[in-house]
Amino acid sequence: MTTDHAVDIDKQVRIYITVFVALLGLTIVTVAVSRYHLPVHLAVTVALIVASIKGSLVACYFMHLISERKLIYAVLGLTAVFFVVLLALPVITHSDGFWIH
Amino acid sequence: MEIPYTVELRRDTGLNNGKIGIWLFLASEVMLFGALFASYILIRTGAPTWPRGDTILNVPMATFNTLVLISSSVTMVMAWASLMRRRFSTYRMYMGATILLGGVFLVVKYFEYSHKFETGLLPSSNNFLALYFTLTGLHMLHVLGGMVVNAYFWGPGAKLYKTNPEWFTNRVEYSGLFWHFVDLVWIFLFPTLYLL
């Protein structure tokens, strides 16, 4: 193992600890916000924003997506498209008639 | 015959076969949980009334479990970092902690489930509980699966480190990717079921 490589891993470990602290903080924020009993739409928005930030931190740093190869991004991009369609379908079909009148 | 591209990168993808394999698997997992989340949205928006999760479920227990799972993600990534530094005993310590934290998560979940069953709150009671047990049950199976794989790499599977440390490090990385994915799913499950 080269010295550069060791320094690189040490730097990564510091990032992992920072992300860990951020995740703990955001979990507390999630629970604290829920105690305010916000209107449903606002509560869902806030919860999803905080969860998305937490999820992004896990994906980018723990799963190393921040420095991954293009093929992995392509696979995940395609997955994201299908995922959004999957989530949108029930919403669209249930609300006032995109397909259902 | 030796398995190709376990350590060296393929020219066409720039990746090991294991790396692309685990990401394709995780893509299929995203769709599996996506289908369940879509069902949740459909059932919830179609219901005339919907209970707040915190009126039925135990939020402090779930918050504790969230912290446990986040901690286990950190120990998992530290296990991989230890292998990158070629510190095998440190790896074992972190991997052991990851398995232990997974166990703590399941024990807490056991108490949560037991309490629900004792008070007559079953999957058949209402749509909310049906979704709660389906989503958390499937997630628990994933935690259990991850623990089995991690236990293998902590125990018998660790023999590979002596003969081929790079390959072993890659295997632990793939196992870690699955574990982080399980953590990621919980990050969305927790507010969806318990807090909204």
Within 10 Å of each Cβ in B:165-178, the average number of Cβ atoms from other chains: 1
Charge dipole (the protein assembly as shown, unit charges on Cβ, about Cα centre) - positive-most of A:53, B:61, B:83: B:83
Phi to ³J(HN,Hα) by Karplus 6.51 cos²θ - 1.76 cosθ + 1.60 over the stretch A:66-77, Hz, x for Gly, Pro: 5, 9, 9, 6, 4, 4, 5, 4, 5, 4, 6, x
Exercise: per-residue mean of other protein chain Cβ atoms within 10 Å, A:7-13: 3
Highest-MSF residue in chain B out of B:12, B:183, B:54 [GNM, Cα springs under 10 Å]: B:12
Positive dipole terminus of the protein assembly as shown, leading residue within B:73, B:126, B:39 (C-beta point charges): B:73
Karplus (6.51, -1.76, 1.60) ³J(HN,Hα), θ = phi - 60°, over the stretch B:128-141, in Hz, Gly and Pro reported as x: 4, 5, 4, 5, 4, 5, 5, 5, 6, x, 5, 5, 4, 4
Highest average packing first - A:69-76, A:53-60, Cβ atoms within 10 Å: A:53-60, A:69-76
C-alpha long axis of helix B:17-46 to longest principal axis of chain B, angle in °: 10
Within chain A, helix-based [θ] at 222 nm, where runs of 4 or more DSSP H residues each add -39,500 (n - 2.57), nearest 500: -26500 deg cm²/dmol
Computed magnitude of the charge dipole of the stretch B:76-196 (debye, nearest 20; Cβ of K, R +1, Cβ of D, E -1): 560
For the stretch B:167-196 versus the stretch B:124-150, the gap between their alpha-carbon centres in whole angstrom: 14
Degrees, to the nearest 10: A:3-34 long Cα axis against longest axis of chain A: 30
Folded to 0 to 90 degrees: helix B:165-189 orientation relative to chain B principal axis, Cα: 10
Per-peptide average of other Cβ atoms within 10 Å, ordering B:77-90, B:108-121, B:31-44 highest first: B:77-90, B:31-44, B:108-121
Shielding of A:60-72 by partner chains, average beta-carbon count, 10 Å: 5
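Where a number appears in this text, it was derived from the coordinates with a stated rule and is not lab data. Treat the numbers as computed from the prediction; the structure is a model and nothing was measured. Don't worry about glycine lacking a Cβ; one is built from the backbone with ideal geometry, like all the others, and counts go over all protein chains shown.
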